[in-house]
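The values are calculated or read from the model by the stated rules, or taken from the named source; none is laboratory data. A quick note: this is a predicted structure, and the numbers were derived from the prediction, not measured. Cβ atoms come from the backbone with ideal geometry, glycine included; neighbour counts cover every protein chain shown.
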Amino acid sequence: MNLDNFIKNILKKTEDKNFSESEIYLNKSQNFEVRLYQGEVDYYEENEEYGLAFRGEINNKMGYSYTEKFSDELIDDILTRAENNANIMDEEEKIFSGSKSYKELSETKGIYSLDRTKKIDLLKKLEKKIFEYDDRVRSINYCIYADEKSGEEIVNSKDLNLNFKNDISYIYISVVVEDEGEVHTSSHYKLFRDLDEVDPDQFVKKIIEDAVRQFGAADIKSGQYPVILRNEVFIDMLSTFSSTFSAENVQKGLSLFEGKMNEQVANKVVNIVDDPFYAKGYRRTPFDSEGAASKYKEVIKKGKLTTYLHNLKTAKKSSVQTTGNAYRSNHKSKISISPTNMYLKKGEADFTKLKNQIEKGLLVENVQGLHSGANQVSGDFSLSARGFFIENGDIAKPVEQITISGNFLKLLKDIILIGNDFKMGLPGSGHFGSASILVKNLDISGS
Amino acid sequence: MLSKSLLENIIDTALSEGGDFAEIFVEDKITNSINLINGKIDSANTGNDYGVGIRVIKDTNEIYVYTNDDQKDNLLKLAKKAAGMFKKADLKSSRLRFADYDNLHPVKIYPADLNQTEKVEFIRRAYLTADQYDELITQVVVGLSDYTQNVQIANSNGVFVEDERSRVRLGIQAVASLEGEKQTGFQGPGAHMGFELFDQIDITKRAEDAARMAVTMIKAGHAPQGKMPVIIDNKFGGVIFHEACGHGLEATSVAKNNSVFSNKLKEKIASEKVTAIDDGTIAHQWGSQNFDDEGHKTQRNVLIERGILKNYMIDFINGRRLNMKSTGSGRRESYRYAPTSRMTNTFIDNGEYSREEIIAATEFGLYAKHMGGGSVNPATGDFNFNVREGYIIKNGQIEKPVRGATLIGKGADILKKIDMVANNLDLAEGMCGSISGSVPAGVGQPTLRVSELTVGGRGEKE
Ligand SMILES: [Zn+2]
């Protein structure tokens, strides 16, 4: 497909329409995925796809449209749709001529083109080791290897021309264990850019031990307990509530951080960073989706809220500079705001030290229901959870069928100790990371 | 869209190296969405999703590839590449038979028949109603989305289907604020039809309801915690069956022995008060369509009849694994996904009581009038979902509203604990996410009572 010509032809035709400025955003992605079942590849996928978005200014209003069909006869449709959309807009939006300078960032060399059989063999090895490790493994419900490669390109009438690519690979496995009719599951993932980063024995040990340690789990008495949230749990929570850092949500009265700038919103030990240059982040990029230069920033510094995340539109409204957080998840979405690689800076406490702080409390290994049981506007959450009861610093018994409830703002204030077991989660609109944390107390509902 | 002869050519090429089944899914979809925040149109986007997905299967192993480039050379190259994943030649030649059908969901006013300005009027009507409902309402977000999706589905068994699906949905979110706290209310009416939807639903009433919910909840205390009887209201309350049991009855998890309901056909898995159905044929319902995304006609499938497990929801490849027939349940979000078994409109059937009788018969418990969403682990049946609008029931009467309640439990347990079912079955609309993407799914039930569930809230134990 010759998309360069198509892009040129679209921009040329905007001259006949009423657009004063216009822009093309191109999304290219490649993915490779295999799923294994009982030693065989039972699903194999390999794709390359493109998506093109147009936006153009008419009387300071922006009109959007997109297409996945790339033929010159459709250019008129693309432009007419954008024009119709511009005409109903109330909010103003501008096309950007570019930042003065951009960080020089080398593109990662991932393993997308590496021999596929090596990847499949690694997955087979993992599957085999899992069944060998413990005979209570009943089945593996997901055994996935995936490579993802994505590129963004922005070309506009203000002479901006930017592009950048990212890639990442991951393995995700979920197992079902059964003993005398009692069933538990556990899942584990590993992100990497080189196959050598995967330690099969460590991976297998982690997933199986996490699964079988749940045998005999029961709920506990309702009440308030000190809680350790495992790194992956806080990663999910940070990801869910990250929308509250968005200046767009603040300006629209949809954020719990509204009116809290420069206030102590979290415990002093809390530092949350948005780092578009972080080497292990999948959202590594020198520019955002509007073409503004990306910036490293501490969003919460020693517990104090120091900035919201801005794009050009929200920055103009608040009379500040954009923070380079304009975001579109792909060609189908409008420009909004998202963190890039956002993480809670790790602390120094090893896991034993975290546990030793607890006389009677809980270690939460997994939560479910974030997409429905967490309210980004109010900050309230109530999530189904499982983990372990901790007594005098030791793991006493497995716990399931409980809920943990609280409010995200209160949770941030109640983080009293941060572990050193930092990891990055699976990437979504942003890419989030955290270590395990000790929380003063949370409401637990059990029996 | 592709010609019949090209489709046949692609299928033959896809089978040229030893696959035993090949399928093509062509999708051409015009989508449109408009959003209003703070009384202002904040975004409007219109687009054309287009792509071709090719699937080749041998036994129960599948290859899936897709592309946006529908040039003949590219499609044949891709089909050849997919074919090459399976060795051994097994040449066939495909003859497609075009399937005639009666469209159960005819559209009166196509999304493309209205211009953006006309669409904005529906949005403004919802906004103005919710905004003026109460002074505690501080924000209203209204979104209107519509699409018309044209698909071609052809496979090596001769299936050749062309279907057109239009859906329209309005989402109204109201936010109430009081003393630094915020609570939200939501209504999201939609249907498998065109803009005649708004002749059938009352936008004003829906907007008022979203606002009423937010205002009620901002004044509510925290939900109690612990185990108690829970009454779940009709319509969207059906999300409990969808999450707690529906996903576990999809062949996707059943076939690989990953569901608590695997190998349980003909067994009693629920209280005899429970009859549950998945019906993709109901005219204009949100989760209905003429054909599933494998070209199989949708059906009315009785899943549970008076407590006995009767059937699963089955797609083509999992049908092979289970040695059972497809139930017209193969669905996918778009050409970017291979299909798998999914729900259409899933609901519990009517019982004998009235809502009032169930409330009156409950000494103490939680009344979940409006449910939020939830999720489930099909292997263990552990589910969770949140209650958007809840009330405490004391001595057979609704006492006071409570916020922040989460319900958790195990699907197999809850089915056995349903002890009263009302006669007011109604359906509502949701989006369901799974391995083949996000698809429109109808949920429903009459008001019903679960004798005991764990309620997670931040309030005191009662
Ligand atoms: Zn679902």
Item to check | Residue check, B:ALA154 touching a strand residue (DSSP E or B) at 6+ places or on another chain (Cβ under 8 Å) and either farther than 29 Å from B:ILE11 by Cα or part of a helix (DSSP H, G or I) (or both) | outcome: no
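Would you call A:ILE144 at pLDDT 95 or above, in a helix (DSSP H, G or I) and of a type in the set (A, V, I, L, M, F, W, C)?
Numbers: at pLDDT 95 or above: yes; in a helix (DSSP H, G or I): no; of a type in the set (A, V, I, L, M, F, W, C): yes.
So A:ILE144 fails the test.
Would you point out the residue of region B:395-428, among those that are more than 20 Å from B:VAL260 (Cα to Cα) and among the β-branched types (Val, Ile, Thr), that is farthest from the ligand (Cβ to nearest atom)? Working first, answer last.
Just the residues of region B:395-428 that are more than 20 Å from B:VAL260 (Cα to Cα), to begin with: B:395-406, B:419-428.
With among the β-branched types (Val, Ile, Thr) added as a condition, the list becomes B:398, B:402, B:406, B:421.
Values: B:ILE398: 29, B:VAL402: 26, B:THR406: 17, B:VAL421: 22 Å.
Checking each candidate, the answer is B:ILE398.
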Item to check | Matching residues, region B:231-240, being surrounded by fewer than 24 Cβ atoms within 10 Å (Cβ to Cβ) and within 11 Å of the ligand (Cβ to nearest atom) | outcome: none
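Hey, among the residues in region B:319-349 that are under 28 Å from A:GLU48 (Cα atoms) and assigned to a strand (DSSP E or B), which one's farthest from the other protein chains (Cβ to nearest Cβ)? I'd like the intermediate steps shown before the answer.
If we filter region B:319-349 for residues that are under 28 Å from A:GLU48 (Cα atoms), which is where we start, we get B:329-342.
Filter once more, keeping what is assigned to a strand (DSSP E or B): B:330-331, B:340-341.
On the way: B:GLY330: 15, B:ARG331: 16, B:THR340: 10, B:SER341: 14 Å.
Taking the candidates together, the pick is B:ARG331.
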Checklist entry - For region B:375-408, what are the residues that are under 28 Å from B:GLN173 (Cβ atoms), surrounded by fewer than 24 Cβ atoms within 10 Å (Cβ to Cβ) and modelled with pLDDT under 90? => result B:SER375
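Residue-wise test of (1) within 16 Å of the ligand (Cβ to nearest atom); (2) basic (Lys, Arg).
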| site | (1), (2) |
| --- | --- |
| B:HIS242 | yes, no |
| B:ALA251 | yes, no |
| B:GLU267 | no, no |
| B:LYS273 | no, yes |
Next on the checklist: Here is a check on your reading of the model: is B:VAL450 in a strand (DSSP E or B), touching an Asp or Glu at 6+ places or on another chain (Cβ under 9 Å) and away from chain A (no Cβ under 14 Å)?
Outcome noted: yes
Checklist entry - What is the number of the single condition among (1) surrounded by fewer than 22 Cβ atoms within 10 Å (Cβ to Cβ); (2) more than 24 Å from the chain's Cα centre (by Cα) that B:PHE291 does not meet? => result (2)
Checklist outcome for this item: Counting only residues in region B:322-352 that are more than 12 Å from the chain's Cα centre (by Cα) and more than 30 Å from B:ILE418 (Cβ to Cβ), the one surrounded by the fewest Cβ atoms within 10 Å (Cβ to Cβ) is identified as B:ASN323
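Listed here are the residues, each with its yes/no results for (1) outside any strand (DSSP E or B); (2) surrounded by fewer than 23 Cβ atoms within 10 Å (Cβ to Cβ); (3) on the phi < 0 side of the Ramachandran plot; (4) not basic (Lys, Arg).
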residue	(1), (2), (3), (4)
A:ILE171	no, yes, yes, yes
A:HIS184	no, no, yes, yes
A:LYS206	yes, yes, yes, no
A:LYS221	yes, yes, yes, no
Checklist entry - Can you find a residue in region B:12-32 that is within 9 Å of chain A (Cβ to nearest Cβ) and buried (at least 22 other Cβ atoms within 10 Å of the Cβ)? => result yes
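Working carefully through the options B:THR117, B:THR129, B:THR204, find the one that is in contact (Cβ under 8 Å) with a residue 40 or more places away in the chain, surrounded by fewer than 17 Cβ atoms within 10 Å (Cβ to Cβ), of a type in the set (S, T, N, Q) and over 30 Å from B:GLU23 (Cβ atoms).
It is B:THR204.
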Checklist entry - In the set A:THR80, A:THR67, which member is within 29 Å of the chain's Cα centre (by Cα) and facing chain B (nearest Cβ under 10 Å)? => result A:THR67
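Within region B:355-394, take every residue that is among the polar types (S, T, N, Q) and not in a strand (DSSP E or B) and give me the one that is nearest to the ligand (Cβ to nearest atom). I'd like the intermediate steps shown before the answer.
Narrowing region B:355-394 to residues among the polar types (S, T, N, Q): B:362, B:375, B:377, B:380, B:384, B:386.
This time we only want the ones that are not in a strand (DSSP E or B), so: B:362, B:380.
Values: B:THR362: 28, B:THR380: 16 Å.
Per the criteria, the residue is B:THR380.
Is region B:429-445 home to any residue that is free of Cβ contacts under 8 Å to residues at least 60 places away in the same chain, away from the ligand (no atom under 16 Å from the Cβ) and closer than 30 Å to A:ARG138 by Cβ?
Residues of region B:429-445 that are free of Cβ contacts under 8 Å to residues at least 60 places away in the same chain, as a first pass: B:431, B:433.
Pick out the ones that are also away from the ligand (no atom under 16 Å from the Cβ) and you get none.
Scanning region B:429-445, I find no residue that is free of Cβ contacts under 8 Å to residues at least 60 places away in the same chain, away from the ligand (no atom under 16 Å from the Cβ) and closer than 30 Å to A:ARG138 by Cβ, so the answer is no.
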Checklist outcome for this item: Exactly one of B:TYR133, B:TYR127 is of a type in the set (Phe, Trp, Tyr) and either assigned by TED's automatic domain parsing to the domain that holds B:GLY330 or assigned to a helix (DSSP H, G or I) (or both), and that one is B:TYR127
Checklist entry - On the given criteria, is B:GLY18 at positive phi and either in contact (Cβ under 8 Å) with a residue 40 or more places away in the chain or not in a strand (DSSP E or B) (or both)? => result yes
Checklist entry - List pairs: first in region B:218-237 and in contact (Cβ under 8 Å) with a residue 12 or more places away in the chain and not assigned by TED's automatic domain parsing to the domain that holds B:ALA174, second in a helix (DSSP H, G or I) and crowded, with 24+ Cβ neighbours inside 10 Å, Cβ under 7 Å, 6+ apart or cross-chain? => result B:ILE231/B:ILE358; B:ILE232/B:ILE240
Checklist entry - Among the residues of region B:408-432, which ones are farther than 20 Å from B:ARG355 by Cα, in a strand (DSSP E or B) and either among the small types (Gly, Ala, Ser) or within 14 Å of chain A (Cβ to nearest Cβ) (or both)? => result B:ILE408, B:GLY409, B:LYS410, B:GLY430, B:MET431, B:CYS432
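What helices (runs of 4 or more DSSP H) lie completely within region A:339-447 and have 1 or more residues being touching a residue at least 40 places away in the same chain (Cβ under 8 Å) and buried (at least 22 other Cβ atoms within 10 Å of the Cβ)? Write out each step before concluding.
Working: elements: A:351-356, A:370-373, A:408-414.
Where helices (runs of 4 or more DSSP H) fall fully within region A:339-447 and carry at least 1 residues being touching a residue at least 40 places away in the same chain (Cβ under 8 Å) and buried (at least 22 other Cβ atoms within 10 Å of the Cβ), they are A:351-356, A:408-414.
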Checklist outcome for this item: Going through (1) more than 21 Å from the chain's Cα centre (by Cα); (2) in a helix (DSSP H, G or I); (3) crowded, with 16+ Cβ neighbours inside 10 Å one by one, A:ASP196 fails only at (3)
Checklist outcome for this item: Scanning region B:150-176 for residues that are touching a residue at least 60 places away in the same chain (Cβ under 8 Å) and within 13 Å of chain A (Cβ to nearest Cβ) gives B:ASN150
Checklist entry - Among the candidates A:TYR44, A:TYR37, A:TYR25, A:TYR66, which residue alone is surrounded by 20 or more Cβ atoms within 10 Å (Cβ to Cβ) and either touching a Pro at 6+ places or on another chain (Cβ under 9 Å) or more than 23 Å from A:ALA292 (Cβ to Cβ) (or both)? => result A:TYR44
